[in-house]
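Following: one structure in structure tokens, then a few remarks.
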Amino acid sequence: MNTSIFLVTGANRGLGRETAKQLAEKGHRVLLGIRDAARGADTETAFRDAGFDAHFVHLDTGDGASVETAAGDITSRFGALDGLINNAAVHYDTWERVAEPDFAIAEEAHAINTLGPWRLSVALLPLLRKSPAGRIVNVSSESGQLSSMTGETPAYCLSKLALNGLTLMLANELKRDRILVNAVCPGWVATDMGGGGRPIPEGARGIVWAATLPKDGPTGGFFRDGKPIEW
């Protein structure tokens with residue numbers, strides 16, 4: 001099996017940690033993008049103690065300077081990257097309504113859930129373009145589907161709707177570079193943010209599927225459990 005290098009954001013817990021674990025179990029090198037340095041070091045230690053090829057990368061996706069620094073760090077330390085999993089997200093604001101918003105929450109959700117993946121994808125494009133199998137996976141949600149949009153959870157829903165749009169745009173732009181770009185809805189998962197639902201490993205499997213697609217795999221799609229769903 002060929003070994004690839006994957007960066008997973010928000011890798012210290014929940015879906016991000018499990019996605020990194022499943023990729024590592026397949027023999028891949030995983031870069032653990034985590035914004036808290038202490039948690040990052042602890043996560044790296046836990047992965048290495050389990051026998052995985054794992055490396056902490058200090059990264060706050062909501063901070064443009066941090067994104068650029070992390071991209072430079074990955075370039076200097078590893079010189080390569082095959083896959084980017086944009087998983088880090090904030091503010092599942094179920095207490096909010098679109099007509100009574102807290103715009104500070106909306107702005108932070110947009111900065112981390114949408115602009116973060118955008119900035120990071122662009123910053124890492126030089127490495128992804130060199131890969132024989134470049135992949136970008138945007139961890140989205142059915143909350144970002146136009147077909148189910150309501151006035152509830154506005155900050156999170158709009159940020160994921162925009163992330164879906166970014167997925168389509170990047171997929172179209174990067175076809176020439178043979179980089180596959182897809183969005184994945186892991187379903188309602190029992191994470192700290194999700195608060196219940198299916199086991200975390202089940203949700204992560206669909207993300208890993210998209211990250212390890214073959215060269216003739218789909219691009220510009222929205223998937224759950226490896227099957228297309230509506231935008």
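Throughout, read-outs are computed from the coordinates displayed, never taken from laboratory work. Only a predicted model underlies this, so the values are computations on that prediction, with no experimental measurement involved. Don't worry about glycine lacking a Cβ; one is built from the backbone with ideal geometry, like all the others, and counts go over all protein chains shown.
Things to note:
- Calculated FRET value between Lys130 and Ala50, using beta carbons and R₀ = 35 Å, to 0.05: 0.75
- If you take all other residues with their beta carbon under 12 Å from the beta carbon of Gly62, and give Lys and Arg +1 and Asp and Glu -1, the sum is -2.
- Contour excess over end-to-end distance, with Cα ends at Ala65 and Glu173 and 0.36 nm allotted per residue: 36.4 nm
- For volume of the Cα convex hull per residue in Å³, the value calculated from this model appears in (1) 126; (2) 198; (3) 113 under label (3).
- For the pair Trp231 and Trp188, a Förster radius of 30 Å applied to the C-beta separation gives a FRET efficiency near 0.95, rounded to the nearest 0.05.
- Sorting Arg119, Arg178 by the number of Cβ atoms found within 10 Å of their own Cβ, with the fewest placed first, yields Arg178, Arg119.
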